[in-house]
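The structure appears right after this line, and notes come after that.
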Amino acid sequence: MTDDSTIDENAQRFRDSVLASPELQARLGVFVDPAAFEVEARAIAAELGLNADTLSFYPPAPDPLGISRYMGAPVTLDHWPSIGWLPVRAVPGHDGPAFDWAWFGDRTLREPLYEDSVRRMGTRPLSRVYRTRTDLAALIAGAAQEDTLEPDGFVFHMSRCGSTLVAQMLAAVPHHIVASEAAPIDEMLQWALSSGASFDHQVAALRAIVAALGRNRSGAARRYFLKLDAWHIFALPLFRAAFPGTPWIFLYRQPEEVVVSHVGMPGMHFVTGMLSATEVVADDSIMSMEDRGAAVLARYLDAAVQHFPSGGGMLVNYANLRAAMELAIPTHFGFAPDADEAAAMLAATTRHSKAPDQAYSDDTARKRAAVTPEIAAAVETHLRDSYARIEALRHAESATT
């Protein structure tokens, strides 16, 4: 008969062995089916000389609502987990956010959004059994101990204006890392801008989470890009302080077309209260959805114009995006695509950026036809002047380069 202390010792030895070995993690990480995962885990336990019959390897149930963030993690570390792991979400911590990590191995972040990659990899049995948590201090300390890629470019945007296409074109190059609207970045910025933490601490925290997402898990990555959320343009001074040498672009589009997109499928910018932490619009309770959304979008454009003098920026109108991605944007980000890179990026333009299994079709005419009187009035009231200012700045910059 085996007593509980022996079972606990076996479980601890197995866990420690797996967490210390990228090879064992790779063997277990390929499994999607919990039963198949358990079979392989028992085989590994036997190889380690452990009594597998005393151990349970079946993962906890999937957690699509993220309720587990309010509970303890199976694994808590005071350092980054091994190279195949990435932070996937923030959780409440004692001194700033803590972060849960999931196992990705060397798999490329090829989905349109980081959250799509998290749903694919974070729900695998290995990530559920050994979901790992580090607090903010451990995250920052780990950034100083691991050699990660510095970001080569940041993609800021107005929303619904081609930023996902840019991300997908960059991600089509096999040796690129592209983290697209990663929740850990968003959650870190929410904390940084509302916590009252010193600016130096905010800078260190942002550098750490960016470094963690830029781990060179395959060993073959050469460039690293971040596509950010639309409201992150308000945090551009923090990004410039943390990464003063990293170039950035800001994408925008004819405002009527952006508003039409949001009216048809509202994003958080058009929903009352969703952006309360950034205080984008002081009193949105009496606004129509069109007016509120247009006012928010105007703030994004105004912020881009306001922060442009900080340096490193490039303004890109959606109408010129595809041509700009051939050379101007890559050059701004420090590289000239070779033949293979250019072909891969061009191939990405044939697919719908947010639904890569569908062919691309230009939606400009359809959106222009869908402009209602309410949308036109909202744009005229809130967005027309902001759009004129950013267009004037773009043309002025083009004339000097």
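Observations on the model:
- The ranking of Glu23, Glu187 by Cβ neighbour count inside 10 Å, starting from the fewest, reads Glu23, Glu187.
- Neighbour-count order for Lys367, Lys227, fewest beta carbons within 10 angstrom listed first: Lys367, Lys227
- Full extension of the chain between Val30 and Leu327 gives 103.2 nm of extra length, using 0.36 nm per residue less the Cα-Cα distance.
- Within a Gaussian network of the chain (alpha carbon springs, distance under 10 Å), most fluctuating of His201, His157, His79: His201
- Dipole size of the chain about its Cα centre, with +1 on Lys/Arg Cβ and -1 on Asp/Glu Cβ: approximately 700 debye, rounded to the nearest 20.
- Each part reduced to its alpha carbon centroid, the stretch 285-330 and the stretch 49-68 end up 45 Å apart.
- The chain shape via C-alpha gyration tensor axes, a/c threshold 1.5: prolate
- Sorting 146-156, 24-34 by average packing, meaning the other beta carbons within 10 Å per residue, from highest down gives 146-156, 24-34.
- Farthest toward positive dipole pole in the chain [+1 Lys/Arg, -1 Asp/Glu at C-beta], among Pro266, Gly219, Ala342: Ala342
Where a number appears in this text, it was derived from the coordinates with a stated rule and is not lab data. These figures come from a predicted structure and were not determined experimentally. Because the Cβ atoms are built from the backbone with ideal geometry, glycine has one as well, and the counts that use them run over all protein chains shown.
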